[in-house]
1. Run lengths n ≥ 4 of DSSP H only: what is the helix-derived mean residue ellipticity at 222 nm for the chain, with -39500 (n - 2.57) per run over all residues, to the nearest 500?
2. Using 0.36 nm times the number of residues separating Val94 and Ser64, minus their current alpha carbon distance, what extension gain do you get?
3. Any chance you could run the full-extension gain for Leu123 through Val147? It's 0.36 nm times the residue separation minus the Cα-Cα distance, nm to one decimal.
4. Note the full-extension length gain between Leu116 and Tyr165 as 0.36 nm times their separation in residues minus their Cα-Cα distance, in nm to one decimal.
5. Rounding to the nearest 20 debye, state how big the charge dipole of the chain is about its Cα centre with +1 on each Lys and Arg Cβ and -1 on each Asp and Glu Cβ.
6. Looking only at Pro98, Pro74, Pro160, which one moves most when the chain is put into a Gaussian network model with springs between Cα atoms under 10 Å?
7. Which FRET efficiency value, to the nearest 0.05, is calculated for Glu79 and Leu22 with the Förster distance at 45 angstrom and r the Cβ-Cβ distance?
8. So I have (1) 11.5; (2) 10.1; (3) 14.2, and one of them is mean projected area of the Cα convex hull in nm² calculated from this model. Which one is it?
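Throughout, read-outs are computed from the coordinates displayed, never taken from laboratory work. Predicted model, so just to flag it, every value in this text is computed and none were measured. For neighbour counting, all protein chains shown are included, and Cβ atoms are generated from backbone atoms with ideal geometry for every residue, glycine included.
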Amino acid sequence: LIEIMYWPTLNMITWGFLNSYLFEHGQQTLPLPLGLLLGATMLWDVMLRGQVGVIMGLLEEIWSRNFTNLFVSPISPSEFLSAAMIYSLLRGIVSVLPAFILAMVFFNYSIFSLGLPLFGFMLVLMMCGWWGGILLCAMTIRFGQSVEWLVCMLAFTMTPFVGVYYPLSIM
């Protein structure tokens, strides 16, 4: 449990202190709403946890040399993916919820103040992560373990092009 909570919490603390510094010391030159970077980081972690949750199930099967056993088991690919999505949803909740709570404690910032639309937005982010995880699963099955490096980099490669930390109009 500590491993899956570590990175979202570390990201929240790092970006939270940077956001606090910019808000306190750059008020005259940089109009930065309080919580912009912090909220973006926490919501992007939802997508990242969805992606990692889907692909890690397949990678663990490959690493343990158990991948061929999946083909002879009575489980269908849709059942495998459904289980991976449910697993990633639960893993995502367990990993980002402590970061959300610590943001309220450390920085007096509650992402839940966005209201009910937040849950729909988080579900869309999770589904985007599932899409990325399924794409990575397909690439891993097709090209083998040589694409493992892409597993860790896909979300970070997408970050500049989806406007996580700044509006797309800047590009």
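1. -26500 deg cm²/dmol
2. Length gained, Val94 through Ser64: 8.3 nm.
3. Extra length available between Leu123 and Val147 comes to 5.9 nm.
4. Computed gain between Leu116 and Tyr165 is 15.4 nm.
5. The calculated dipole for the chain is roughly 120 debye.
6. Pro74
7. Calculated value: 0.45.
8. Of the listed options (1) 11.5; (2) 10.1; (3) 14.2, (1) comes from this structure.
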